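The values are calculated or read from the model by the stated rules, or taken from the named source; none is laboratory data. As the structure is a prediction and not an experimental result, all values here were calculated from the model. Here Cβ is always computed from backbone atoms with ideal geometry, including for glycine, and neighbour counts include all displayed protein chains. Side chains are part of the model used for accessible areas, which takes the heavy atoms of the whole protein and leaves out ligands, DNA and RNA. Shrake-Rupley method; radii C 1.70, N 1.55, O 1.52, S 1.80 Å.
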Amino acid sequence: MNQKEIVVSGVRPTGKLHLGNYFGAVQQFLKMQEQFDCYFFIADYHSLTTHPSPDGLHNSVKQVLAEYLACGLDPDKCTLYIQSDLPQIPELYMILNMNAYMGELERVASFKEKVKSQPDNINAGLLTYPVLMAADIIMHKATKVPVGKDQEQHLEMARTFGNRFNRIYNCECFPEPHAFNFGDNLVKVPGLSGKGKMSKSENENFAIFLADEPELIRKKMMRAVTDTGPTEPNQPVTEPVQNLFDLMKLVSTADTLQHFTETYNNATIRYGDLKKQLAEDMIVFTQPIREKINVILSNTSLLGKVAKQGAEKANESANKTMKEVREIMGFRKFY
Ligand code: ADP
Ligand code: TRP
């Protein structure tokens, strides 16, 4: 039998989805659900390392689920579930923690960043974040993981933990998972602050959310950071301006991009015009998704049905893996 490759990916419910999540992750999911055996989930356990608020958690999970559906994820084509609906995840996470070393975890870039950004809450969950993520991925024996560039190192860790398990127990339980993107490179969508990636955990004025109203998008775009402008033809492009061009590549037509590239190169560009055009193109892109999000959010019974169907399918796969893992490790029943 020709088995389809297995795909796993998740998004943390730490806020609404933005264009970075869309182009870095969800757009890949949409294509992948047509050809692979896909498990897409909402990483609610992961959000506890930074966002431990019960009401906030529930609302954000609901929001992301509605947004996944509004973007076109189809529960009949992929397994769409909530991480905490799988009790097997904390179990595998605990098991993998026994073979994860302090030194390697302390060297992970995302951990070092969090140590700086939340010095009052350097919890063990932050340190073992890549172990939990590895559990998510190898639970379904995935080989392809569609994620943005920022997750590359976590994928490397997932391979390390899976391979280490295979070696220690002399088995071939887990295949190697790799970060995946249909293009040649993993995507990094910039934010509007002039530097760094678009992110829901940073200042939300610097991110464009799929659910943002048109007026808000216009406002955010007008405040996007630029520079003082080119003073002579063919000057090198600075990071904040390059970021706006990069956003334009995602949502605008090739003609629009060419027009503003030319006006930059002959030093006649007006950043105000570029921002206005970019705002309008973002609105055209997000509008149909935003309208669907609002309809789906008010349909609680649909959300419940989708979550239940996904939980059942994901549990089936997770039970199968854990049965094998327990057997391999020597957890055998006396009764
Ligand atoms: P955030 O960083 O905004 O909190 P998540 O960590 O939940 O978002 O990311 C969910 C998915 O979206 C991951 O696959 C991640 O790689 C991708 N992603 C997030 N931000 C970006 C971005 N600016 N560009 C490309 N991909 C991104
Ligand atoms: N760490 C990912 C992020 O911050 C979210 C995530 C958790 C994930 N588990 C995963 C992504 C498994 C892919 C596969 O975006």
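Some points to look at:
- Radius, Kirkwood style, for segment 204-294 when every pair of distinct Cα atoms is counted (Å): 13.6 Å
- Segment 204-294 - percent relative contact order, Cα under 8 Å, separation 6 or more: 43 percent
- Ordering Ser53, Ser9 by accessible surface, largest first, gives Ser53, Ser9; the 1.4 Å probe counts only protein heavy atoms, with every chain in place.
- Acute angle (nearest 10 degrees) that the helix 300-329 long axis makes with the longest principal axis of the chain, alpha-carbon atoms: 50 degrees
- Taking all protein chains into account, the per residue accessible area for the chain stands at 50 Å² (1.4 Å probe).
- Rounded if a/c under 1.5, otherwise prolate or oblate - segment 34-105, Cα gyration tensor axes: oblate
- Set of lysines near Lys320 by C-alpha distance (under 19 Å), chain-local residues within fewer than 8 positions excluded: Lys4, Lys141, Lys308, Lys333
- The convex hull drawn around the Cα atoms of the chain, when projected onto a plane and averaged over every direction, covers 19.9 nm².
- Rounded, prolate or oblate (a/c below 1.5 giving rounded, otherwise prolate when a/b exceeds b/c) for segment 164-215 by Cα gyration tensor: prolate
- Shown for the chain: the carbon plus sulfur share of the solvent-accessible area, taken with all protein chains present and a 1.4 angstrom probe, equals 51%.
- Among 260-270, 86-96, the peptide with the highest mean count of other Cβ atoms within 10 Å heads the list, and the full ranking is 86-96, 260-270.
- Cα-based Kirkwood hydrodynamic radius, segment 268-318, one decimal, Å: 14.2 Å
- Once you divide the Cα radius of gyration of segment 7-137 by 2.2 N^0.38 Å, the number left is 1.09.
- If both residues of a DSSP beta bridge must be in the chain, then about 10% of such bridges are antiparallel.
- Under 5 Å between amide hydrogens, built in the peptide plane, is the criterion, and for Lys197 it picks out Gly191 among residues at least 5 positions away or on other chains.
- Diagonalising the gyration tensor over the Cα atoms of segment 108-205 and scaling each eigenvalue by 5 before taking the square root yields semi-axes of 28, 19, 9 Å, largest first.
- Non-local lysine pairs in segment 204-294, meaning eight or more places apart or on different chains, with alpha-carbon distances under 16 Å, amount to 6.
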